[in-house]
Amino acid sequence: MTKAEIIAEISTKTGVDKLQVQEVVESFFKVVRNNMVEGKNVYFRGFGSFIIKRRAKKIARNISKNTAMVIDEHYIPAFKPAKTFSDKIKKSEAVKNTAAKREREAKQALKEAEA
């Protein structure tokens, strides 16, 4: 689902104009982004948390050139779903059906590629 689809669905369900919904959604993302840039985590009870994760310094390899390079310690944004949210996804029949459908399509594409 894209941001435009989310805006359209919220607008339809609430009866609020799409432009107003778009402003609210954009403001939401701006608040989350700005707080994370300032080093703050953002928590939504029952949904999840936007957190900052630390990646340790490591040595990476470029296999094609057979060289090593050092990647310094850095921080990345991440999303950690709430337990209740994760449980709903685990128990969802729609998710299971969609995953099974994708798996069937991938197998079919492999068969067609081999032929």
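Nothing in this text is a laboratory measurement; each read-out follows from the coordinates by a stated rule. Worth saying up front: this structure is predicted, and the values here are computed from it rather than measured. Neighbour counts run over all protein chains shown; Cβ positions are idealised from the backbone, glycine included.
What the table below lists for this structure:
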quantity: Only one of ALA56, ALA60, ALA68 that is of a type in the set (A, V, I, L, M) and either out of contact with any strand residue (DSSP E or B) (no Cβ under 8 Å at 6 or more places or on another chain) or at positive phi (or both); calculated: ALA56
quantity: Within region 1-104, strands (runs of 3 or more DSSP E) holding 2 or more residues that are surrounded by 10 or more Cβ atoms within 10 Å (Cβ to Cβ), touching a Lys or Arg at 6+ places or on another chain (Cβ under 9 Å) and among the hydrophobic types (A, V, I, L, M, F, W, C); calculated: 48-55, 67-71
